[in-house]
Each structure stands twice: as C-alpha cells, then as structure tokens.
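*Asks:* I have a structure I would like to understand better, so I am pasting it below and will then ask my questions one at a time.
The values are calculated or read from the model by the stated rules, or taken from the named source; none is laboratory data. Everything quoted here is computed from the prediction, not taken from an experiment. With ideal geometry, Cβ positions are generated from the backbone for all residues, glycine too; neighbour counts draw on all protein chains shown.
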C-alpha cells in the first residue's frame, strides 16, 4: 500500500545536494498549492496523484498556512511524522466516511486519497464541491525555476491521467516528483519499468471499449447494493479476469480474498454487504458480459487483449513495489477504473499464473489467447445448445439473452459501450431516463421480485420501452438470466416454460432465472372502439387466458418472473375478477409519464435543440394519450426544421388532443415535406409498408413513380432488365430519408396512422380495390386464416352494398376526426389513391390488391435480379432457401463452409430483400405466394441453373466425404434446387444428374424446414423434377411427411400430398418400377400420410369427448384407399426385389405400430426380425445398393448400416410390446 512514508524514505537515501534541490522543488509546488487555496473560500480540495510528495506538501500547508483551510483528511496509512501536524489531520477508514463533507458547507477542507480513482469516487459522492489539484502540473512549472534536471529524467517523470482531465476539468499532465531526481545507473531500469507498466493500459491492449462496457454495467447493477457503485467496476474486472484465466476455483477464491483485503480500507461495509455485492456482480453483469463476449468478433479481440494483459503483467511484476513508480501505477490503474492497490492485486495474480513457465512472450500470449477463447467458446456452445433445444420444441416462445437484447433483437433498444440507446428515425439516441421514467424501474423490479408485474397506462407513452429497460436492469443485477417472449398462451400451456427451464437447468452456466415478457401490442383490439367487436372480444379473451396462465406460472415456479405490458384500453376490458386479483396482490404499476422533466428531455434528445420548451410540453401533456410519442416526433420535427417552434406548436394545438392527427401532420408536412409530387412518387412503397410492414430500402427506389412531361409513370420491367439497372442507378437523394423511414417498423400508433391514411386512399382507387386491401391493412400484415377469407367472401358477395356502406362510414369518420384532417390530407389521399389504381391496372383486377401489389413489385424484382444475376445469384439462392424454409434471420457465415460467397452481403440483392440481416416480411409473402402469375423466384434463378448444379454436386461430394452438412448449407441447397426446377419449368435443358444432386441434398433439407405449412409450397416448386427424373422426386415425400407428422398437419390441406402421390404414380409408375427402389419411398410416404391422418382422427375424437380407445377397424375407416395403394405397391415390390420388400414392410411397421394391437405388432416384428437377419447373410441386389446410395450416399456399406439400424429398431419395438 502506497503512503507518505514511502515518499519520504525514498528521499532520505539521496545525497544532500539532491535533497536540497528536491526540497526547492516541493517549496515551489507548495507556493502553487497555496495560491490555488487562496482563491477558494469553500470546497473539498483533493490532492492527486500519489508519487508527488503529498506528505511534504501537506506538512508545509499545515505549518505555514494556518487558517487557510479548516481540516485535512488522509487515508489510513498515510504517515506524517510531526506530532503537531497529526492534530490537524483526520484519518478515514473508507471513502463513505467522507460523505459527511456534504454538510460542511462554507469550509475549505483538503483530502489526500490513496489513488486517483478514489478522487473520481469522491466527485461522484460530493458533486461539484470537489476541486482537484493535479500536482504534476505544479511540478512541471516548478522545474522552470529549479533547474538542473536532465532531459532523460524529465521524460521519465512524465505522467498523465486523461480520466481526470475529462471528468474534473484539469490539464492532467505533468511530472511526478518522486521521479524528478538524477538516477544514475538506475535510470535504465526505471525507464524499463515505466514502459512495462504502461503496457498494461487497456488502450494498448485493445480492451478499452470492453472495459467501458464493464464499468457502466457493473456500476448500474451495483447501484442497488452500494451508495457509490463506482468501486464495482474494478471488482468486476478482477472477477471476469479470474473466470477467464484462473484454471482452478481455489485460485479464484484466493483472488476474491485478496480483493476483499484490498477493499477493507476503501469500503467500510459489513461482510454480508460485500458478499451481496459479489453475488450481484457475479450473477448479473459479469455473467451477462461474458455471454456477450462469447460471440464472433468480440471473442477473438477479448482473448487477444487478455493474453497480452497476462504477458504484460509478467513483465511489470518486478516493479510492483517500486515506490518511485507509484504515479505511473496510479495512472494505469485509473484507466482500469480501479484503486492502485486493487490494480496491483490484479497484476500480481496474473503474474503468478506464469511462474515456472519457461516460454517466450509470443508462446505465452498464444497459450493464454487459446485458454480465453476456449472458455468463451464453451459459454457460446452452452447458450447455443439451449437455443437449439428451445427451437426444437416448436412452442412459439422465443428466448433472448442479454447480449441479444443489447443488440436490438428484441426491441428497438440497444446498448453500446454500456449505455442504453433507442433505435429509431435518427439512427440511435440516448435513452431518456430523466424524471419519472428513471424512478419507475426500481418500483417495477421490487414488485418483480414477487414474480409478476403488470405495467398499465395509455398507448404511446413508453410502457414497452420502460419494461425493456427494467428487464435489462434485472438482467444486469442477476434478478433474471434470460428473457422469453410469448404472444399468447392457452389454458395449460404454461408447461412449455417448465420444459424450457428444464432445458436451461440441464446446460451448465446458462442460468435458470427466466423472465417472461408479454406485450400484446400491436393488438387487433387497439383499433377504434366498436370496430370489429367480435375480434376485439376474442382478442381480450386471449389476453385474459394468457395472463391467468402467466400468473399461475409465477406462483408455482419461483425461477420464473413475468412482466406484462397492457394499454389502458385493454386493461379496462379485462374481467373485474382478474383486475381485482392483480390490484389486491399489488402487481400493478400504473404508468403515468406526464412528467415535465421527462417530456422535455425527450424533445431535447430527439431535436438536439436548446431553448424554452415549457409551453410546448404543457400543450403535449393535454393530449388524451401518447404524449411521449408526440414529444418524440415533436423533437424530430424540430430537428428537421432547424429548431423552429412555431409549426410544431400549431400542429399540437390543432390536433385537438388527438395524437393521431399530430402524427398524420408529421407524415405529411415533415416526412413528405407537404409535397404532393413527392407523395405521388413514393405512393407504392407507402402502401407496401402499410400492408406488409417495413420494406427494404431498395424497394422504394424500384417502385418509385416519375413525372415525365405530361404524365406519371412507373419504371418498366423491360427497361430495368435491358439497361441492366443497378441500385446506384435507381437511388435518389430526395428519396433516401423516406426509403430509410419505410424500412423500419415504427410505434404502433404511427403505424396505425399510416394505415388509416392508406385505407382512406384505397377508397379513391376503385370500389374493388377498397375492399380487401383495407382489411389487409387494418388487420396488419398477419392475415390469419378465416378472418381474411371471410371478409374476402363478403366483399365478393356484397361488393356494392359493402363498399357503399364502408365508404359512407369512412366519410363520417373523416368528419368526426375534425375538419382539419379532411382539409390537410384530402390532397394526399387523392394522390395515393390515384397512384394505387394505376399500379394495379398493370397486373389486372383478377386478384386481391395485396396479391396484385406482390405481382407489381415481383415483376420488377425479377427484372433487376436478372440484370445483376451474374455476381449475386448465390446470395439470392441462399435468401430464397431460408425464406422457403420459413426462417427470417440469415447467419453471417457458416463454420468450415465452402460457400462463403453466399453468406457475404451483396447490395444488388440485399437492398431489395433484407432489413439488416432479416428477410423482409414482404419477400416472405412474395416467395410463398401460392399462385404467382408473372413472378416466381425459381424463374429468376433459372438463368444460373448450370452453376447451381455444380454447387450442389460439390455439396453432395462434401456430404459423402464428411457425412456432415450444416443447416444453412441445406437451406442454401434448397435455393439452388429451386434454380434447377425453374429452368426445367421454363423448358431449358436440365440434365438428370443435376436433378439427382439437388434431390440428394434437399431431401435432407426438409428436416431443416421450420414452418410445416411451407412444405407443400416447396414440393410444388420442385414438381418439374417429376418429368425429368420421377424416381428422384419420390425421395422428397417421406422426409416431408415425417416433418409434417412431427409438427402436426393443417387439416385444410390433408388431401394435397395424397393427390400429388397419386398423380406421380399415374404418370410415371412404369419409370418407378424400372428402378424398383422408388417404390420403397412411395410406400413409406403413404404410410407416413396414413399415420398423419390417423393422428388427426384421434385428436378429433378427443375434441368430441370420445374415449381414445377407438376400435382398430373404425380408426382405419376412411383410409382404405391409401391402405389399398400400399398393399398394391408392396405386392409389386415383392415381385421385383424381395430384399426391398422386407425393408418396405419394416418401414411401414415402424410408422404404423402405434395404431395396431400389441399382438399384431409382436407377431409382425418377430417375423421381420427373422427376415432382416436373413438379409444380413445375403449379398444385396443392385436395387438395394442403389437405394442405399440414395439414402446414405454409400452403397454396400450403406446397406449394412441400414439393416443394422432396422434390426435394432424392431428389437426395441418388440421389447416395448412385452413390457
């Protein structure tokens, strides 16, 4: 521990001349200190850093400047020799003791802290009363008077503390007095020591940004434990390093003991308080930070930085006790946000790791780097394992870790360098936590400890943001370890979270404190009261069921916490019984953010303007709801209009307390600039956003209209293809802000406002267009099943009456939402309606408008892709494969994949299809459009089918060699197969070997399909394979049906695959019989299909209240056609290959045994085991070998493997029957 005696002892060993010169130096610095004190009447003067003869200076101040200050406070261990001096000095055990200085106003006191980090903590505790005297500055001035120091010595004595410069507004550069002397032979060693210590700087190690992350998060987490949480950052750094670098738990415990020993002089807290701090940090920020560091680039940089740290610690260790270098140690410790003694503990423990290691710097660095990477990789592997397990459950629950929340994957909330931000219209802005918003999280987290909390309040005030911010704080404090989002739960479905927790418990280190986040927003019930009343009632019932399930979950499982977010509208419609239960159990937080400080902070943050916003805030507070949202857009309006308040005030006043009217004004006057021509140009992108959600930026440029002399027109597909138009050719500066805005999902109320403007515009197109597009937009993008089709049927049956009625109703609505709405937006509505009508005329009126819009954009996409296909086709194939399989997130890369090009961004594709790394909802809809007339993704890719075939053959070769292929590669292969299918559909020359390669990989790809409803679409898109090689096409069906059977089968499509199988046999049976083995695949497919149908029969019986023990005969009633077909095919197969006949029978029994009597299963299984064992002794025929090659990419060896697996399955089946 550094103290004044060290500084004095160092001086006593010097020759008299040196001592005399040094005393002159101190006296000169004393004059500077005295001069600074004389300028001040009151305050807390802090002398920093150590290594600056502070003992001598303090002694001079006490002896020669009596009355200049009232008292001096020094840390325990700071020694002063003279007895009369001690009476003027008070020692403190911990910094918290100095909190009393807040009350000693009107006095001037001096504090000598142990390290510069203590000075930072004092500033945090006492505020601006703390004034810093940075002593090295005074010594730098003093050497101009006290001459005789060499250039080498002055260079050695240089120190700087940038953190103090930034925080306490001092120069923070100068000379350390303990280094200002002529060292002779010691100079080289001290220079070497200083260099070694400075190498520990986090900036030099590449760890500065990661350190900032630790500091902010640790301090945020510790605020609930400590009054001054700044100390938490240093402890967190030490614990993180211990977890990453120390090989044994005992070593980590030793490190913690050393930390506690070092802290006892700093933090006078009982052991229980310190243990609570350690637990909070270990379970909260430390675990969350390591989870984030385990990903991609961070993993490598962190490992490299900590490896360099260990090497630097080894080289700096010999200088740990060199008192001459105290100021240098203090400088680097401050960069690490630690006390100097604590930092030395860190360096000493790291250096111990290398004791006895006879290796070079480079070898040691490599070893440590590998150690850290391995530990971070294990964290990543554990987290990914839980993710995969959750995904495999298909339970409709998404799991998020803290780093995913911080990356903005759950909500437009991000954390950068430890600071919470919000993503939005102005890129990213600092989260405003002023006023009431900053106070509520503590109340929310306190109630959350009881397991369940509901945030209730008006729409558009920031409830969801508040909930997410509170959840983030809960993650940092270790209250929860991960977040699961849920859309809805039905009675009894809370068990899915039990399953999730069991999975998390089975994987070490992933944490089992789950936060369930329920935010039924946007909700169909959010539309105006009285609209769609049947759906509102249904939606509210769903909300109630979900809340009851979550309440039961929180009560029965203490590992689970729940945050629910409800608008006042929804909360008001809940049953009185549920509301009473929530209120009585103190689970409700009524969110009211009509706080002047908070709303003014929102306006200032989003506008970047200074000035008096009191009047504007008061007007915003008068709105009936959504005041936070309006404050945000008021700020953005000011930002765009140069801080001019006039228009914003008028818009708020004319909104007549209705926030939608203000938002509509913003859309028209700010986003569109009040320009009819601009609105006309981007009309189609506006409709696309309203109907499908955020649209990629490229689509705004692709679907723009232009005003040629005398008429408006859209870009022609033929021109796009012929001119090979690129995105750069299409871009326009004027449209760029709109393109960015349309590529982002905005707040619910802003989205609703845009939807309503588009709905009113639909009425100006044609009566037909008004019908179902209005419904599509009103129900947002997710047109789920019966509601959509029901409205479409009403539209067709009652078109005239319905349209006239709705038109009249909308006219009345326009009257109701004030004359302003009609006057201000009449031109805009007219313009948008006209543009929509012209666009839809291109594709005819035979479809609904949403489908017609898909075609309108699709034919332009096809043209622009064809123009740029030569260098982006792999990327397009990858995106198409992921889309068809139902995945919206693209991976950045695939480990060890040879297909890296497909995973690299390609502007000419990504700009039209992606939103960041997500596939846009628009393209998901377009690619799966059931009846494309003018556009198909397979036709686009058809032009590169030969290149696609080569890629597929390489994937087959890889699979044959490694027996391993990654899921992203399987989905990429699906996109490649679509290319070949498109070429065949267009009549291009496609070789059979290309179909074979596609089939061999894609049949495995069916196992990777995420959405079962997409299976039929994929089979249809690959149907052209049937005419080229029907025997390969059969391979798709068993795996496709296995997926469907595993996930459940949509009842409305139960005959589709049966029809496809029947058509295949009718058209190509003779070709299938020629190869023989395809009959096995067809039989397997039929048995899978019957299994699906039987399961649905059982489920139907359960729903009707029947007993599950249905007679076998009755169960199979209605499936006779399929059973007869299996019998015919088995007989056919028996006549051609007895071996494949046995294999086919085994497959049928494996699928169907659950629906047969136990006696029948035992009898058949015993028979088949005998036949399988006979097969093992025989040489397989050519048909069996060829079938094994198709199944396992291996001939004779594959036959043996398959027979062994079938025998084992039969034995297990038999064992189960005898239990």
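*Asks:* So is residue 607 crowded, with 17+ Cβ neighbours inside 10 Å, free of Cβ contacts under 8 Å to residues at least 40 places away in the same chain and either more than 28 Å from the chain's Cα centre (by Cα) or not assigned by TED's automatic domain parsing to the domain that holds residue 465 (or both) or not?
*Replies:* So residue 607 passes the test.
*Asks:* Quick check on residue 444: is it touching a residue at least 60 places away in the same chain (Cβ under 8 Å), assigned to a helix (DSSP H, G or I), outside the structural domain of residue 640 (by TED's automatic domain parsing) and out of contact with any helix residue (DSSP H, G or I) (no Cβ under 6 Å at 6 or more places or on another chain)?
*Replies:* Answer is no for this residue.
*Asks:* Yes or no: the stretch 1012-1025 includes at least one residue that is touching a helix residue (DSSP H, G or I) at 6+ places or on another chain (Cβ under 7 Å), free of Cβ contacts under 8 Å to residues at least 40 places away in the same chain and under 23 Å from residue 1062 (Cα atoms).
*Replies:* yes
*Asks:* Follow-up question, since we're still on this one. For the stretch 70-108, how many residues meet the condition of being more than 50 Å from the chain's Cα centre (by Cα) and either more than 28 Å from residue 325 (Cα to Cα) or not in a loop (DSSP other than H, G, I, E, B) (or both)?
*Replies:* Within the stretch 70-108, residues that are more than 50 Å from the chain's Cα centre (by Cα) and either more than 28 Å from residue 325 (Cα to Cα) or not in a loop (DSSP other than H, G, I, E, B) (or both) number 14.
*Asks:* If you go through the stretch 1090-1113 one residue at a time, do you hit one that is at pLDDT 75 or above, part of a helix (DSSP H, G or I) and in contact with a helix residue (DSSP H, G or I) (Cβ under 9 Å, 6 or more places away or on another chain)? Before the answer, list the steps.
*Replies:* The initial filter retains those residues of the stretch 1090-1113 that are at pLDDT 75 or above, namely 1090-1091.
Add one more test, that the residue is part of a helix (DSSP H, G or I), and what stays is 1090-1091.
Imposing the further condition that a residue be in contact with a helix residue (DSSP H, G or I) (Cβ under 9 Å, 6 or more places away or on another chain) reduces the set to 1090-1091.
Within the stretch 1090-1113 (the criterion being at pLDDT 75 or above, part of a helix (DSSP H, G or I) and in contact with a helix residue (DSSP H, G or I) (Cβ under 9 Å, 6 or more places away or on another chain)), the answer is yes, since at least one residue qualifies.
*Asks:* Give just the number: which of (1) closer than 22 Å to residue 59 by Cβ; (2) out of contact with any strand residue (DSSP E or B) (no Cβ under 8 Å at 6 or more places or on another chain); (3) at pLDDT 90 or above does residue 145 not satisfy?
*Replies:* (3)
*Asks:* Determine if the stretch 200-223 includes at least one residue that is at pLDDT 85 or above, surrounded by fewer than 17 Cβ atoms within 10 Å (Cβ to Cβ) and touching a strand residue (DSSP E or B) at 6+ places or on another chain (Cβ under 6 Å).
*Replies:* No, the stretch 200-223 contains no residue that is at pLDDT 85 or above, surrounded by fewer than 17 Cβ atoms within 10 Å (Cβ to Cβ) and touching a strand residue (DSSP E or B) at 6+ places or on another chain (Cβ under 6 Å).
*Asks:* Moving to a separate point now. Can you tell me which condition residue 586 does not meet? The list is (1) on the phi > 0 side of the Ramachandran plot; (2) without any contact (Cβ under 8 Å) to a residue 40 or more places away in the chain, and all the others hold.
*Replies:* For residue 586, the exception is condition (2).
*Asks:* Taking the stretch 623-639 only, how many residues are modelled with pLDDT under 90 and surrounded by fewer than 22 Cβ atoms within 10 Å (Cβ to Cβ)?
*Replies:* Matching residues across the stretch 623-639 total 2.
Every residue, every condition in (1) assigned to a loop (DSSP other than H, G, I, E, B); (2) surrounded by fewer than 24 Cβ atoms within 10 Å (Cβ to Cβ), yes or no:
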{"position": "316", "(1), (2)": "no, no"}
{"position": "328", "(1), (2)": "no, no"}
{"position": "333", "(1), (2)": "no, no"}
{"position": "341", "(1), (2)": "no, yes"}
{"position": "359", "(1), (2)": "yes, yes"}
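*Asks:* State whether the residues of the stretch 1170-1189 include one that is more than 51 Å from the chain's Cα centre (by Cα), farther than 30 Å from residue 960 by Cβ and modelled with pLDDT of 90 or more.
*Replies:* yes
*Asks:* Follow-up. Here are some residues: 651, 634. Which one is part of a helix (DSSP H, G or I) and over 34 Å from the mean Cα position of the chain (by Cα)?
*Replies:* 651
*Asks:* Filter the stretch 919-950 down to residues that are farther than 21 Å from residue 1017 by Cα and either within 32 Å of the chain's Cα centre (by Cα) or surrounded by fewer than 19 Cβ atoms within 10 Å (Cβ to Cβ) (or both), then give me how many there are.
*Replies:* Total meeting the criteria: 3.
*Asks:* Please verify whether residue 479 is over 30 Å from residue 603 (Cβ atoms), buried (at least 17 other Cβ atoms within 10 Å of the Cβ) and at pLDDT 90 or above, treating the condition exactly as stated. Walk me through how you get there before you give the answer.
*Replies:* Values: over 30 Å from residue 603 (Cβ atoms): yes; buried (at least 17 other Cβ atoms within 10 Å of the Cβ): yes; at pLDDT 90 or above: no.
Judged against the criteria, residue 479 is not a match.
*Asks:* Can I ask one more? Could you tell me whether any residue of the stretch 176-194 is in contact with a strand residue (DSSP E or B) (Cβ under 6 Å, 6 or more places away or on another chain), under 24 Å from residue 134 (Cα atoms), buried (at least 18 other Cβ atoms within 10 Å of the Cβ) and at pLDDT 60 or above?
*Replies:* Scanning the stretch 176-194, I find at least one residue that is in contact with a strand residue (DSSP E or B) (Cβ under 6 Å, 6 or more places away or on another chain), under 24 Å from residue 134 (Cα atoms), buried (at least 18 other Cβ atoms within 10 Å of the Cβ) and at pLDDT 60 or above, so the answer is yes.
*Asks:* Return the residues of the stretch 904-922 that are in contact (Cβ under 8 Å) with a residue 60 or more places away in the chain and out of contact with any strand residue (DSSP E or B) (no Cβ under 7 Å at 6 or more places or on another chain); say none if nothing qualifies.
*Replies:* Passing the criteria: 907, 908, 910, 911, 912, 914, 915, 921, 922.
*Asks:* If you take the residues in the stretch 959-974 that are out of contact with any helix residue (DSSP H, G or I) (no Cβ under 8 Å at 6 or more places or on another chain) and in a helix (DSSP H, G or I), which one is surrounded by the most Cβ atoms within 10 Å (Cβ to Cβ)?
*Replies:* So, considering only residues that are out of contact with any helix residue (DSSP H, G or I) (no Cβ under 8 Å at 6 or more places or on another chain) and in a helix (DSSP H, G or I), the one surrounded by the most Cβ atoms within 10 Å (Cβ to Cβ) is 960.
*Asks:* Listed residues 979, 989; which is part of a helix (DSSP H, G or I) and modelled with pLDDT of 85 or more?
*Replies:* Just one listed residue meets the conditions, 979.
*Asks:* Turning to a different aspect of this structure: Working only within the stretch 42-69, note down all residues that are in contact with a strand residue (DSSP E or B) (Cβ under 8 Å, 6 or more places away or on another chain), over 12 Å from residue 86 (Cα atoms) and part of a helix (DSSP H, G or I).
*Replies:* Selection gives 54, 57, 61.
*Asks:* Could you tell me whether the stretch 392-403 includes any residue that is outside any helix (DSSP H, G or I) and surrounded by fewer than 16 Cβ atoms within 10 Å (Cβ to Cβ)?
*Replies:* Yes, the stretch 392-403 contains at least one residue that is outside any helix (DSSP H, G or I) and surrounded by fewer than 16 Cβ atoms within 10 Å (Cβ to Cβ).
*Asks:* Does residue 661 qualify as being touching a residue at least 24 places away in the same chain (Cβ under 8 Å), in a helix (DSSP H, G or I), closer than 29 Å to residue 457 by Cα and over 30 Å from the mean Cα position of the chain (by Cα)? Before you say what the answer is, go through the steps one by one.
*Replies:* Values: touching a residue at least 24 places away in the same chain (Cβ under 8 Å): yes; in a helix (DSSP H, G or I): yes; closer than 29 Å to residue 457 by Cα: yes; over 30 Å from the mean Cα position of the chain (by Cα): yes.
Taking the combined requirement at face value, the residue satisfies it.
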